[in-house]
Structure formats: C-alpha cells, structure tokens
Protein chains: 2
Amino acid sequence: MIGVKNQKWWGWGDEGINFSFADKPKFAPFVLDRLGVDINAAAGRPPRFDEIAVPASQLSDDLRSRLVDALGETYVVTDDECRVVHAYGKGVRDLIRVRRGQLGRVPDVVLYPGSHDEVVAIMDAVIDANAVVIPYGGGSNITASLEAEPDETRQVVSVDLGRLNKVLEIDETSQLALIEAGVLGPDMENQLNARGWTLGHFPDSFMWSTLGGWVATRSSGQQSDKFGDIADITRGLTMVMPGQVLELRPLPSTSSGPSVREMVIGSEGRLGIITKVWVNVHRIPEVKEFQAYFYPTYDDGVAAAEEIMHSDAHPIMFRVSDANETAFVMANGKKSSRMGHYMSKAIQQVMLRKGWDLDKICISFVGFEGSAVDVRYQKAITNKIIKAHGGLGVGKGPATLNDQKKYDIPYIRDFLLDRGIPADVSETSTPWSRVKEMHDETVARAEEAFAQIGHRGYIMCHVSHSYHTGACQYFTFAVADSSEKNLDSYDVVKRAVQQSFMDHGGTVSHHHGVGEEHSPWMAQDISEAGVHIQRTLFDGIDPGRNLNPGKITHDGLPGWSSNSTPPDQL
Amino acid sequence: MIGVKNQKWWGWGDEGINFSFADKPKFAPFVLDRLGVDINAAAGRPPRFDEIAVPASQLSDDLRSRLVDALGETYVVTDDECRVVHAYGKGVRDLIRVRRGQLGRVPDVVLYPGSHDEVVAIMDAVIDANAVVIPYGGGSNITASLEAEPDETRQVVSVDLGRLNKVLEIDETSQLALIEAGVLGPDMENQLNARGWTLGHFPDSFMWSTLGGWVATRSSGQQSDKFGDIADITRGLTMVMPGQVLELRPLPSTSSGPSVREMVIGSEGRLGIITKVWVNVHRIPEVKEFQAYFYPTYDDGVAAAEEIMHSDAHPIMFRVSDANETAFVMANGKKSSRMGHYMSKAIQQVMLRKGWDLDKICISFVGFEGSAVDVRYQKAITNKIIKAHGGLGVGKGPATLNDQKKYDIPYIRDFLLDRGIPADVSETSTPWSRVKEMHDETVARAEEAFAQIGHRGYIMCHVSHSYHTGACQYFTFAVADSSEKNLDSYDVVKRAVQQSFMDHGGTVSHHHGVGEEHSPWMAQDISEAGVHIQRTLFDGIDPGRNLNPGKITHDGLPGWSSNSTPPDQL
C-alpha cells in the first residue's frame, strides 16, 4: 500500500465524482443558448484504460535497483496507470490528449519517497544516471509543468511527494509552521485546524494541490487578499538540489542579496525538489463571513474593488464576475438549494426599479475574517464603498453557497469534454488603470478567435485577487468544437487570450505558473533580458538539463508549445 | 555645474552639519560613565583633504574619450575629491580608513549620466574596455558595497546616478509612480508630496540615500511595518545590463517563474545599473501620529510588539529600545526642548509606585497613519495590548521629537570618531520565538568581545521592524579605542555580533544589505547551496566580473573581509 491518493488518469479529481446538472434547470438551456450544444443529447465518454496504448517503461535495471535500495520496492512504481496519471497535469490540453491516447513521453517510473533523505537519494541516483526528474504534487497543474519533453530520450522519473504530508512543527509564538511539501490542501488544513491554526491558502485546486506545488508555481488562493500569495506566506524552505541541499531558515524579512527564496518560488522543479516549507499560519479566526452583492455593470464592481484596496479595509476576498460569468453562475445554481436562489423575484424588482439592465448585472462575493469587532469594522468601510458604486447587498446566502462549492468547478471541464466542448482558464494581473482595457480587449480577442476557428465560443471573467496597485482577472473560455481539431481550436483561443495579456500590460500568469504552456510569452512579459536571467539561473544550476527541463524558458516558435500545431501550420 | 550634491569626503552628510551635545547636559556624563571617555577634552579632527595622498586616476584616454562623447566633458569627473567621495560608503570602517588616508582602490572616474540612454552608453563603454562599474546613489552604504576590490587592476568607474532624480509619472488610478533611481529621499518625497502622494519609505539614511540604492540593497524604512519593505513597494523596474536592458512592467503580483524582480532587488550592482523603478505610492494620510510609551522591561515591550502583530491592528511603526538604548535616548535629549523631557518627575513617580526599576525601563515609539477614524481604531487596539504588557503612555511629545530628529543619528559617528570611539550598527531579523534569545546573546557576545580587546564598549538595541512572524532588532555598538588598532577592535566586536546573528536564527542583515562586510556569513545564513545559487546568477550574468565584483558572495576566510586583519592574525 503506497497510501497516496491520485486523481483519475483521464480527468479531474476523485473517481466517481462528476459534474452534474441535475436539479439545475437553467443549465442545459444556458449551454444551448450560448454554445449551441445540447448537453441532454448522448455524451461521449473517456476511453477505458485498456483502450489506450501505454509506452513501455524504459527504466534501466541499474537505476531501478538503486531506487529500490533507497525507497523499497513498494515505492518504485512502473505500473502503466500510475505512470499515465503522472504523465500530465490537468489542463484541458492534457485532458484532450489523454482521452485520445496521445500520451507523450510517459515517465518510466513513479517514485513515492517517504522522507527528505529519500529525496536526496533519488536526486543522487537520477543525476548519476543522467535521467530527468519531475516533481509531482497533487497533479492539478494546468501549464504543462508535469510532463517530460516529447522528444526526451533519457529516462524520465516522476517523484510523487504525496507521502511527505506531515505538519512537522508549529512555532506558536512566531505563528510559523514547518510542513512537508507533499501534503494536499485538505490534509494540511485538517492537521493545522486540529491545533487551532490555519494557513488560509485556498486555491481552486485546493483538493488536489500541495504546499510544494503552490510554492513551485507561485500560487495564490481564493482568500489571499489580506494575508498574501504563497510568495508572502513562504518564509523558509528546504530544497534538494544535485549534490546539495538548500536550507533557508524562516525569516520575516531579510536583506541577504538577490532573494534565493524568491528564486525557488515559481521554479517549477527547474532548480530542485522542495521537501519542506516554513509558512505563516494564523489562528482560526473568530469570524469568517462571506457576503454577496450585485452591481449594475462590471465596471462598477471593478471601481468598488479599487476603492476598497485604497481604503483602510482589507477583505480576505473580493470577487466580482462580469455579465457573462454572472449568467453562468445563475444558470449553474441548484433549484432545490434555498441559498441557490441567487436572485429572488423581489431582488429582480429592485434592480428593475433602479433601471438596471438584467443582462449586464454582475455578481460579487466578498469575504472577511478576524475578530467579530474587526469584521464589523471592515464590513462597514467596505459596504459604504460598495454602495457608493451602486452595489446591492443580497446577504450571506449566495456567498456562503459559493464558498461551499468553490472546489467543484474543475469537474465541469470533463463533463464539457464529454460533450465536445474544450474549456479552460487563463488569468493575469495588471495595474488598476488597465483592468477595464484588459477585460474588454481580451474578450474581444477571444471573440475574434472564435470567429477565426468558425466555432461558437464563450468567454467570461472575474476579478479574483485585488492589491493596492492592481488586480488579477480570471478568464474562463469554452469552444464548441467536438472535432479531432479541437485542440488546435483551443490553442487559437488560448493564444489570443495570452497575447492580449501581453498587449495590455498584463503578465503571463497571475498564479498558475508558466510551465511550457505560457513560456512562449515570457520574453514579452519580463523582457528578453529577464528571460536571459532566468535561463542563466537554470543553465547554471542544472547544466545537464536533468531538472524538469523545458519549463518556463522557451526555445521554440513564439506562440507555440511543443504539443500543439505551430501557428504558421494551422 | 554638475548639480548633484555629495556628502563630505571624510564623513556623514552635509559640510557644516555636525553632532552637538550643547544643551544636552546629560550626554557628556553618560559617555564618561559608559565608555570612560571625556568628550569635553580636546577632540581629534579629520585630516584636511590636502593631507591625504590620493592615487592618480588610471583612466585611459580611450575610455575617457568614449565617455566624454556619451556624457559631455562636465559629467566625466576625475577630480581627486570627487573620486575619494565615491571610493567608499559611510560605514565606520570607511570613516576610519578615509581619515587615515587609507583610500583603497579609488575609482578612476566618476560619471554623472543624465538619462537612461547615457547609462546604456556607459555600460557599453565599460564592458568594451573591460573596466569595473560600481553604481553609486547617495553614498550612505555601510556594508562596503561601493568600493572596488583593493587589488583591482582594471579601470574602476563609479556611476553617480544623482542626475536621474525625477518622478516621471504617477498612475493615480493604480497608485503607482515611475521614478528615476538616482533621486535622494527628500527630493523624491517633495516631488510626490507636491502632487498629494507619498512613498512612505523613511530609512535612517533617508537624507543621503536614493530609490535605486534602496532597491539595490533591499532597504526598509522606519515606517515600513504597514506598507512593507522596498521589496514589497517595488512593482517594476528598468535595469541596464551588459548588452541588454531589463524591463519589468509594474505588476501587483505575478506567477512568471523565479522572480526576476526579486533577483534585482538586493543585487547591489552585480547584475546591472537600475535606472527607473515603479513603486507603490499612497495618498498623504489624513492623520499621521506618533505616540511614546515606557515599559518596565524590554521583554515586555517585545511581547507587546508580538501581540500587536498578531492582532487586527497594523501600526506603521513599532519601536522599542532596550534599557541601554533608553539610557542613551534620555541622555541625548535637549534640556531646552519642552518635548525633550522624555520623562518628567511625575512620570518617574508613577513608575516608582509601580515598582519599576528605572535602570531597566524601555522607551517605545509607535506610529499610526490613515483616516482619523482608522487611526483611532488602530490606536484603541494597540493601546489595549500595550497596557496589558505594562506599557505606560507618555503622549505624543517625545515621539514627535523622535520623529523630527530621526535622521540626525548618523552624524554622531563622526563626532565619536573625533574622540577615538568607533561606533556603528548591525541589524538582523528572527522569528518572534527567538527575539529575546537574539537580544540577550548578542549583547553577551559583544560584552565578551569588549573584554577580549581590552577596551570599554557599549551595545544597545531596539526592535525596529515587526512582522507577522518576527522582528528586526537593530544593534548599535561603540568601542572606546582611539589607538591605531581601533579598526581591528571594531572588527572583533562586529564579527561577534554577526556570528551571534547566525547562531540564533537570524539573517546577515535585515535591511542594510550584504556588500563585502557581511558576505563572509552568507553561507551560514542561506546555506552553501544558497550561495551557490547567487554565485551562479552573478557569474552567469557577468562572466567578465565587470559589475561591482566581490560583493555578496565571498571567496576569502570566514569572518574576514579584505579590508581587515584576518581573524587568525589578530
């Protein structure tokens, strides 16, 4: 028994859990209206595992025996399904390819080390064998960070850190915890909560992502506005590198040259394998509360977010959806849920009396935490600003519902794929002065892309994270293309979205990372000199290209990742 | 007319401004009591400039003519005094050496570029000539970051960025400003204030330090607790590198791989010359207020700081001095200043009635800013915690006085040197759980060092910065050694202090940087692997060692910088 849970080999999350639109009477009409697809018609299904051809493991006897010596037989796995699970992350590109049996360069072995020292032993063995090592956390990555390069001829070793799952130490005085990198979100929060603590880091992928993965990709959570992104939360760490171990002690702040901590954060396995992390923790707050609001337009909601960030208030979350996403949220609500009535007839009447166009309204969720007194104070400031921007409070109900189902959304991609609709997400941050431009232009670029490929599509967006100087906007887009060409269709839209990010002052990614998926835009984001700096770091630390090569820095055509058709051949 | 102000060649700050103890009746008795030195006796004086021998410039005609073409004759300066001003920073090691005429490797030329493009031209010329380039801001560095390596045989070029002093752009919506890197603190705040904005970054060196210098050394200000250190404030930047220009657009947060921004911050000229910086700015607050308190002991003050950081309050500053520093603050007060009476007879009576030992009391200054309502709210939370830890409020007077004279302290080092007393500062951060240990052990190590060198000494400390997980403690120490050996005496104490930082969970520096002064401890701070990562970065970006070589990473003996006697030869 390995004792590590992995996701479905063909899709998101637990076997047996799927998206369902039962009891959501508005959902099927919504999809039909927006994408022209009847989801009540017979759906496709993912292949059975025995229908796909898995390339044989190329693990050498030498390397195997060394790994078995280090870890024990049980934790050196060459089983086909396990190798396929570890071949990809869970981007829609991954989901499409795995369903087609396009498995790429499947790892030759999956390792489950049980200690930091075993990771050191793995690193030694891998480097000695001139193999490639790819760290694997919860497998939820959507930027192609977990897959080997397609033409990799050396042995490929996937290191699943799932057994490194303990909260090792809590320094209660300093509100710091030392936690093993492979722990999944829920397991970690359970261990912390049992002792009265919380990390407060809740990305969409929370159920299937790990602390080490968050650090390796510069993650941000749904409730990060007050206590910061993982880069703020991470105060120290341990990383296994070829022939040495990096130890960064927990420090509140330091002036010790270029930040090595900030080089490891976001390094996606290119510098080594993170085994332990020191993080800020917080006492479980007395009060944690979510409130829902509507705005007449998205711009009003954005203006409220900006003013709140410049006020004395600091909510843990400020989310506002554009009109397209609001329509989706309403269509995705359960009829039977008392709280699911995002908008009662009475509220609609209020909106109409105010002269609002119901096709343009935008839903917003705002979260607060702290002492009861502080939450009251924060809410008072926030509500005043929201009201000044035309926001209409509709209570805790819809917001609490949203909080409860906040991790369900990724399942929908598999559901849609069964019905020939590739869908995925892309997010970026910009200064406040460019938020509107970014939204409107990115939507326009996506619409152009839909026209170009000749399939119907849908794009929607929300402000997911707010800062003093700007915000992250999170786009979700879907293409109604069930053909064999739908990966290319997806790519055309994805490329249009990413290029819009670059053209309007954004970054390649706010919190999903770079991987191979976003690497072609890096030079536009951080300039050629910035890429040169990153490349210098990777090449210098890993001259043999053994550490998850090919991620972040890019050698191919602009706008082309090695797994898609080059733009000039589309 | 170059139009750039520089400090005295032999000491801190403006010509004609000096520390004075006139009207401070307690000061001379205090120094006599603690260090055994009578400051009323005849003092030494710094040498006249014509008393020291300045090595001739080795600037080649070729390089000169190329630089003159790029900048114009006026801004290519080989004048001796200008070169000496740019030879060193203002650490006490620098002050001692310059007074002795030990000038080290004085730069061959000082350049005053007037634009980003001129910095590019300088970089090209320097690299083509295989010269060494050292960026220079306000010259207040105390970690030997501004001096060439003593055995440097190539031409040395100091680039004074003082003409790059404009606030170029304020994005009011995003609360971002684009500012040239060479602007001194007061000039920058004046430009911002005139438009209703403030950066809110006030290091001790404010009068003589620049935005670019703050970024290059990971600076922190006296009022950084709420809005963050310069690493938090810096959102984008432009840096001239050999053959290329790094452009990082302003972003609130990003997940674009290892943070290039965080590699430039703290790079001390080893990656290039920063010319422009995008920073967070804030509206000038409605209220900014400082309050003073006393605690019966330092530990009480530290406990209050910790609890405040874990509360819903966020003061901009929380400073508490230990008993030694409190005695200094009291002795340094002006008799004539109404506010200078840090402690009235009435307050003393209150303390005595509480059973306080007046030799152990600790003074504390706390700052708030924001709307009037918010400051009231913050103060209420803070005051309750302070009271619970035995703190005694003594009003705004002493705190306001402290705020007004907050930039005067550096002048005292020259005054003390005139009287044979080398004094300087060293600061570190630790988690809260190790703050007390760090304080007590560092003081004990310094006392041991005083005993070892056989001279009287004094060490004092305050908590200067507080964070969720820990705090920075700022130590000031003085050695009563007027001999020719006093640099070695200083080094023994400095080494003891730095080693204590390492032994008790601290970092080499919280906000002064590394330079050459702290580089010997880097491997203990960030581990050998961390130094390897930094070195890989520097060597890869600058294979010719043209960019301020020798700083941050270290090749000599542990505990030895190239300008002091090696520890085994003391």
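The values are calculated or read from the model by the stated rules, or taken from the named source; none is laboratory data. Model, not experiment: these values are computed from the prediction. Virtual Cβ from ideal backbone geometry, glycine too; neighbours counted across all protein chains shown.
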The correct count of residues that are closer than 20 Å to A:A523 by Cα and within 7 Å of chain A (Cβ to nearest Cβ) in the range B:215-259 is 18
Being in contact with a Ser or Thr (Cβ under 9 Å, 6 or more places away or on another chain), within 14 Å of chain B (Cβ to nearest Cβ) and crowded, with 19+ Cβ neighbours inside 10 Å, is that true of even one residue in the range A:398-412?
-> no
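Check every one of the helices (runs of 4 or more DSSP H) wholly within the range B:318-396 and list those with 2 or more residues that are away from chain A (no Cβ under 14 Å) and farther than 30 Å from A:H314 by Cβ.
Output list reads B:323-331, B:345-353.
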Discussion item. Going residue by residue through the range B:154-162, is there one that turns out to be basic (K, R) and in the same structural domain as B:G272 (by TED's automatic domain parsing)?
Written reply: no
Per the filter on the range B:268-284, residues more than 19 Å from A:A231 (Cα to Cα) and in contact with a helix residue (DSSP H, G or I) (Cβ under 8 Å, 6 or more places away or on another chain) are B:E268, B:G269, B:R270, B:L271, B:G272, B:I273, B:I274, B:T275, B:K276, B:V277, B:V281, B:I284
Filtering the range A:516-537 down to residues that are within 11 Å of chain B (Cβ to nearest Cβ), of a type outside the set (A, V, I, L, M, F, W, C) and out of contact with any Leu (no Cβ under 8 Å at 6 or more places or on another chain) yields A:H518, A:S519, A:Q524, A:D525, A:E528, A:H532, A:Q534, A:R535
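Return a yes/no flag: does the range A:7-15 have any residue that is among the acidic types (D, E) and in a loop (DSSP other than H, G, I, E, B).
yes
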Does the range B:375-386 contain at least one residue that is under 23 Å from B:R434 (Cβ atoms), in contact with a Lys or Arg (Cβ under 7 Å, 6 or more places away or on another chain) and surrounded by 21 or more Cβ atoms within 10 Å (Cβ to Cβ)? no
With criteria (1) within 7 Å of chain B (Cβ to nearest Cβ); (2) assigned to a helix (DSSP H, G or I); (3) in contact (Cβ under 8 Å) with a residue 24 or more places away in the chain, A:T507 comes up short on (2)
task = Restrict the check to the range A:86-109 and report whether at least one residue is within 16 Å of A:L161 (Cα to Cα), within 23 Å of the chain's Cα centre (by Cα) and not in a loop (DSSP other than H, G, I, E, B).
result = no
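Provide a single number: the residues in the range A:189-222 that are in a helix (DSSP H, G or I) and surrounded by 24 or more Cβ atoms within 10 Å (Cβ to Cβ).
Matching residues across the range A:189-222 total 8.
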Test result for B:I170, within 14 Å of chain A (Cβ to nearest Cβ), surrounded by fewer than 19 Cβ atoms within 10 Å (Cβ to Cβ) and in contact with a strand residue (DSSP E or B) (Cβ under 7 Å, 6 or more places away or on another chain): yes
Taking the range A:434-452 and keeping only residues that are surrounded by fewer than 21 Cβ atoms within 10 Å (Cβ to Cβ) and β-branched (V, I, T), one is left with A:V443
Filter the range A:510-522 for residues that are part of a loop (DSSP other than H, G, I, E, B) and not aliphatic (A, V, I, L, M); the one that is nearest to the chain's Cα centre (by Cα) is A:H512
Counting only residues in the range A:423-476 that are within 15 Å of the chain's Cα centre (by Cα) and among the charged types (D, E, K, R), the one nearest to the other protein chains (Cβ to nearest Cβ) is identified as A:E427
The one condition A:M460 fails out of (1) under 22 Å from A:V329 (Cα atoms); (2) of a type in the set (A, V, I, L, M, F, W, C); (3) assigned to a helix (DSSP H, G or I) is (3)
The residue from B:G89, B:G138 that alone is within 30 Å of B:D491 (Cα to Cα), crowded, with 20+ Cβ neighbours inside 10 Å and in contact with a strand residue (DSSP E or B) (Cβ under 6 Å, 6 or more places away or on another chain) is B:G138
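Where in the range B:236-303 are there strands (runs of 3 or more DSSP E), lying wholly inside it, with at least 3 residues that are free of Cβ contacts under 8 Å to residues at least 60 places away in the same chain and either surrounded by 24 or more Cβ atoms within 10 Å (Cβ to Cβ) or of a type in the set (V, I, T) (or both)? Reasoning before the result, please.
Details: elements: B:244-248, B:273-280, B:287-295.
Here the list is empty.
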A careful count of residues in the range A:48-82 that are in contact (Cβ under 8 Å) with a residue 60 or more places away in the chain and either in a loop (DSSP other than H, G, I, E, B) or in contact with an Asp or Glu (Cβ under 7 Å, 6 or more places away or on another chain) (or both) gives 3
Note to self: On the basis of being surrounded by 24 or more Cβ atoms within 10 Å (Cβ to Cβ), part of a loop (DSSP other than H, G, I, E, B) and either at pLDDT 95 or above or more than 9 Å from chain A (Cβ to nearest Cβ) (or both), does B:G559 make the cut?
What the structure shows: no
Flagged in the range A:313-358 as acidic (D, E) and more than 29 Å from the chain's Cα centre (by Cα), in numbering order, are A:D357
(Q) Regarding the range A:207-216, can at least one residue be identified that is over 29 Å from A:C472 (Cβ atoms) and either of a type in the set (A, V, I, L, M) or more than 23 Å from the chain's Cα centre (by Cα) (or both)? (A) no
Flagged in the range B:450-486 as within 25 Å of B:Q102 (Cα to Cα) and of a type in the set (A, V, I, L, M), in numbering order, are B:I453, B:A478, B:V479, B:A480
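Return yes when A:S174 is touching a helix residue (DSSP H, G or I) at 6+ places or on another chain (Cβ under 7 Å), assigned to a loop (DSSP other than H, G, I, E, B), touching a residue at least 40 places away in the same chain (Cβ under 8 Å) and closer than 30 Å to B:A303 by Cα and no when it is not.
The answer is yes for A:S174.
Sort through B:S429, B:S464, B:S500, B:S489 and tell me the only one that's surrounded by 19 or more Cβ atoms within 10 Å (Cβ to Cβ) and touching a Leu at 6+ places or on another chain (Cβ under 6 Å).
B:S429
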Among residues of the range B:538-553 being modelled with pLDDT of 95 or more and within 9 Å of another protein chain (Cβ to nearest Cβ), the residue surrounded by the fewest Cβ atoms within 10 Å (Cβ to Cβ) is B:D539
